[in-house]
Amino acid sequence: MLAFYICLCVMFISIGYFWAKQKLANPLSIFNAIWLIIVLLYQLYLSRLQEPLSDETMSVLCINVASFSIGYLVLSLIIRLLRKNKRSTLLAEEKNKKVKSVSVPPKLIKKMFFWWAAVEIVEVFVSGGIPVFWKIFGDTKTYMSFGVPTLHGLMNAFGLVIITVAFYEYLQRKKKKEKLQLMSIILTMLVYYLLLITRQVVISAIIQMVVVYFILRGKEIKGKSWAKILFYSFIGVIAFGLIGNFRTGYEAFLSVSLIESQLPSLLVGFYWVYMYLTMTLANVNNAVALGVMGFGGLKGALNHFLPSVFETQMTSGVEVPSYLVTEAYNVSGYFISFYTGMGNSGVMLIAGLYGILGAILYELFRANKTEKNVILYAIYIQIIALSFFANHLLYLPSGFQFVIVILLFFVLRKQTVDRKVKGENL
């Protein structure tokens, strides 16, 4: 079954490569590559928490990649046929032909930053401090205690949009003053999120910025540039481990991970990354073995993904038995709640939705590489890149970015059209 799964992933990676006209940076190839790498890494069995993957688990994983890939290819084909026959309005990026595209001016980015900062100051005040200082001074509160429920998730989404848009404009602008201001905003926000000990937001921001960078500057990357990228990736893994050690503790991490071989604490980030990548499969494997499926249907599948102000009312009465190999690792991939709620049909549903959304955003991006389409595509790639971790599409800090970006560019375009109409009337 493992050999079949590997062949299936390789096939879809290859199809994506040729379907995107010999470009590996497409959703189909990226998604299948991620889920292939995870399964291959699992075969190292570095932790005693990892049981061999059963044939039933491999079947679920095959349904995952196949549903995503078929959903992506079918809708992508439909879009291309409609566009070819000139009957589609789906890809009509600009309804008003007088305005080709709009960009976010640095002044607006600064205003957005100050709005975000004002709310964060309130959150710090309401929370009674910042998680990193709680940790330093031995406070019993953890980073999970920070922020106002729902509002904090919305502000994280807003913050991610600000960082990504600011980075896009940083790469596009020529004036040193504007570039300095934009980079100052980006670094300030990243440092703040590090103080909150929230690796997820920082990692999401970095992935989105990397995607934007490759889109805008990919052709400029050569030998030395790749060496720098590998070096910064190495530093990033080390930083990820150091934050983990600070938040959890080096010895505690090794203990709960049941890892026998030990790396120096400075390099333990590689174990952190490995465990987060592979424990998803361990938990899915355990859920399949225990038969934890069919609890609550769609209602159960959406459990924990609604804003906290609605969660109790909408998901009350749905209790899913624990399937975690250990409470220390609750990462189970983006489809686990749909599997526990609806079984294999739930995996087909969410994987197909991911694939369909990927087809829409990639075809929009291919048709017109406007700032809005680049940002939306970067957000989507971040979501599928972290699909091994959780369902970031339905996770407020990540998924709500789509809403914010669409509203932002709708308002900007409307303002641009209004100014142009006024100018013509004059």
State yes or no: is residue 194 in contact with a helix residue (DSSP H, G or I) (Cβ under 7 Å, 6 or more places away or on another chain), part of a helix (DSSP H, G or I) and farther than 17 Å from residue 215 by Cβ? yes
Note: among 362, 354, just one is part of a helix (DSSP H, G or I), over 16 Å from residue 25 (Cα atoms), open to solvent by less than 20 Å² (accessible area, probe 1.4 Å) and of a type in the set (Ser, Thr, Tyr), namely 354
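When you scan the stretch 132-140, do you find a residue that is part of a helix (DSSP H, G or I), within 19 Å of residue 113 (Cα to Cα) and either open to solvent by less than 70 Å² (accessible area, probe 1.4 Å) or modelled with pLDDT of 95 or more (or both), even just one?
No, because not a single residue in the stretch 132-140 is part of a helix (DSSP H, G or I), within 19 Å of residue 113 (Cα to Cα) and either open to solvent by less than 70 Å² (accessible area, probe 1.4 Å) or modelled with pLDDT of 95 or more (or both).
Would you call residue 86 at pLDDT 90 or above, surrounded by fewer than 11 Cβ atoms within 10 Å (Cβ to Cβ), out of contact with any Asp or Glu (no Cβ under 8 Å at 6 or more places or on another chain) and basic (Lys, Arg)?
Answer is no for this residue.
So that you can scan it fast, the table gives a plain yes or no per residue for (1) open to solvent by 20 Å² or more (accessible area, probe 1.4 Å); (2) at pLDDT 75 or above:
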position	(1), (2)
196	no, yes
205	no, yes
214	yes, yes
225	yes, no
231	yes, no
241	no, no
259	no, yes
Taking the stretch 148-179 as the search range and keeping residues that are of a type in the set (D, E, K, R) and more than 22 Å from the chain's Cα centre (by Cα), which one is surrounded by the fewest Cβ atoms within 10 Å (Cβ to Cβ)? 174
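Residues are listed down the side, and each one gets a yes or a no for (1) at pLDDT below 95; (2) closer than 20 Å to residue 345 by Cα; (3) touching a Gly at 6+ places or on another chain (Cβ under 9 Å):
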| position | (1), (2), (3) |
| --- | --- |
| 17 | yes, no, no |
| 32 | no, yes, yes |
| 58 | no, yes, no |
| 62 | no, yes, no |
| 82 | yes, no, no |
| 95 | yes, no, no |
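The values are calculated or read from the model by the stated rules, or taken from the named source; none is laboratory data. Predicted, not measured: the structure shown is a model, and the values here were computed from it. Every residue, glycine among them, receives a Cβ derived from its backbone with ideal geometry; neighbour counts consider all protein chains shown. Accessible surface is based on the protein model in full, side chains and every heavy atom, while ligands, DNA and RNA are left aside. Shrake-Rupley method; radii C 1.70, N 1.55, O 1.52, S 1.80 Å.
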